[in-house]
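Data block below; observations after.
A short reminder: the numbers here are calculations on the coordinates, not readings from a lab. This one's a predicted model, so the numbers in the text were calculated from it and none came from an experiment. Neighbour counts are summed over all protein chains in view; Cβ atoms, including those assigned to glycine, are modelled from backbone coordinates with ideal geometry.
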Amino acid sequence: MKRKLLFSAFGPVTTVLASVVLGTSPSLVAASASAEGGATRIVFASGSDGSGTVQRSIEEFNASHAGRIQVTWRQMDPSNDVHHRQLLADLAAGEVPQVIASDVVWTAELARHGWVEDLTRRFYGAYDRDAFLGPALQSATWRLRIWGVPWYTDAGVLFYRRDLLAQSGFEAPPRTWDELARVARQVQGDSGIRHGFVFQGAEYEGGTVNAAEYIWGAGGEIMRGELRITSPLRGTVVETDAITIDSEEAAQGLDMARRMIVEGITPAEVATFREQEALDVFLSGNAVFLRSWPYVHALLEGAALPEAAVGVAPLPALSAERAGTSCLGGWNLMVSARADDEEQDAAWELIRYLTSAEQQKRRALEAGLLPVLVTLYEDPEVLARAPVVALARETMSARVRVRPMSPFYPEMSSRIASAFHAVLEGDLTGSQAVERLDVELRDIAVRNR
């Protein structure tokens, strides 16, 4: 069996050096190096995990597959954008982890370049497609083929100070952005809390996500497909290549985000906020509302805020006639196309283990991450210990949308995040932003056609 090399963003490194360069546990590297000679050794690359759940799962998988499969877990950078650059550097180098955790927006890009295996045949031989949430499975699908298995999913939600709203006489969270502004203003006045609402406005993927939610919540669109094909995945597969962002509705959505800053409800610094900065403000008790992901609920246990003081609700919309829309997040597990047959079989066995109902439930309870299996949204223990799952069930069924499934999405996303940031800074109006984006996104689509 040939010796495997890990790759950093700077090129190949031995497994010993990898423990330093990549932050891999020296004990894990030693365990991999001392595995029985007959074991198939594979590397699993995914984002960092503060809950420790992934580490425990990998250790248990290795123990139960001793002598057959040995997995080394490589923790990628916690920043989505940096993670993506690291992965592309590895792919360009020609040697990559056999199992790749892919953000839901990378599917088309990885598939188009032939970097990941078509898993359609394996998937239908092992899974019931109806067992998965439709949007989660859609995110792993491109051109009617399945390129990954959903691992966990996500959707933007609104966290709020339930206790402070009650003290100011509000019995329910807001349903529109105007209502959120009014409630936040009154609660700020009554309680003296510093900020009304915080979200993510920095120039990165999270900024794109927030921009999309404002645009969709106002009735706008970013892109639409010219080819619509009814599929067995509980819906319609759309090939996205038509730019539709230049609309009054999209402009109104972006203007609403800027208005929150102008009216003193949101701090101007939100234009530089990523998830952690926004979360720090909320958990320190300095904001009434927070737009974030469901994992925040699992962090309340160790925060200064008591869990009972925090509520969670769907994101607002621009008007009461509309429903707020959440951006689908989450990660899918893929198999490297450069892995040999033996490694691909081992990779598939790891994927089957990590996506099992038992492991899905574990991640929901220990890490606060949303499962992709429909049955777990009815599991009494999950609903009792992770109440955010109950809200997510409603969100996933009617309020969630997938970002454009395009091989060129990363380039488009950087333009959207930049324009959104400029709106928050007051450098562009909503109308100017969508006009600029219409030109830039069309140029990207035409250049890559």
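I'd like to know which of 309, 331, 344 lies farthest towards the positive end of the charge dipole of the chain, counting +1 on Cβ of Lys and Arg and -1 on Cβ of Asp and Glu. Working it through, the farthest residue towards the positive pole turns out to be 344.
Placing unit charges on the Cβ atoms of the charged side chains and taking the dipole of the chain about its Cα centre, the candidate lying farthest along the positive direction among 418, 63, 428 is 63. Close amide-amide hydrogen proximity is noted between residue 154 and 329, 330, each under 5 Å apart and 5 or more residues distant or on a separate chain (H modeled in the peptide plane; Pro and chain starts excluded). The label-point distance for residue 443 and residue 262, in a model that sets each label 7 Å from Cα toward Cβ, rounds to 2.8 nm. Taking 0.36 nm per residue of separation and subtracting the Cα-Cα distance, full extension of the segment from residue 390 to residue 322 would add 22.4 nm.
Computed from the C-beta positions of residue 190 and residue 425 and an R0 of 30 Å, the FRET efficiency is 0.50 to the nearest 0.05.
Global dimensions of segment 327-376 from alpha-carbon coordinates: Rg and Dmax equal 12.9, 37 Å. Summary of the geometry: segment 156-186 and segment 287-346, compared by the centres of their Cα atoms, lie 20 Å apart. Remark: C-alpha extents of segment 297-348 on the principal axes read 52, 36, 12 Å, sorted largest to smallest. Among the listed values (1) 267; (2) 140; (3) 150, the one matching volume of the Cα convex hull per residue in Å³ as calculated from this structure is (2). Charge tally around residue 103: other residues with Cβ under 12 Å, Lys/Arg +1 each, Asp/Glu -1 each, net -3.
Proximity of backbone amide H atoms, modeled 1.01 Å from N, is registered between residue 289 and 197, 198 at under 5 Å, excluding neighbours fewer than 5 places apart on the same chain. For segment 351-449, the alpha carbon positions stretch 49, 32, 23 Å along the principal axes, listed from largest to smallest.
In the chain the longest region clear of GluC sites (Glu not before Pro) that are loop-assigned by DSSP and have at most 11 other C-beta atoms within 10 Å covers 172-320.
Based on Cα contacts under 8 Å between residues 6+ apart, segment 40-178 shows a relative contact order of 21 percent.
Sort 130, 438 by Cβ crowding within 10 Å, fewest neighbours at the top.
Working: 130 11, 438 16.
Sorted ascending by nearby Cβ count, the order is 130, 438.
Using a simple spin-label model with pseudo-atoms 7 Å out from Cα toward Cβ, residue 85 and residue 118 lie 3.4 nm apart.
The calculated FRET efficiency for the pair residue 401 and residue 60, based on their C-beta separation and a Förster distance of 25 Å, comes to about 0.10.
Spatial offset of segment 50-104 relative to segment 380-432 amounts to 25 Å, using the alpha carbon center of each.
What full-extension length gain, to one decimal in nm, is calculated for residue 435 and residue 130 as 0.36 nm per residue of separation minus the Cα-Cα distance?
Working: separation 305, 0.36 × 305 = 109.80 nm, distance 4.03 nm.
Result for the pair: 105.8 nm of gain on full extension.
For segment 207-212, 3J(HN,Hα) computed residue by residue from phi via the Karplus equation (6.51, -1.76, 1.60; θ = phi - 60°) reads x, 4, 4, 5, 4, 4 Hz, glycine and proline entered as x.
Extending 7 Å from the Cα toward the beta-carbon at both residue 179 and residue 341 defines two label points whose distance is 6.0 nm.
Computed about the Cα centre, the dipole magnitude for segment 78-148 is approximately 240 debye when only Lys and Arg (+1) and Asp and Glu (-1) carry charge, each at its Cβ.
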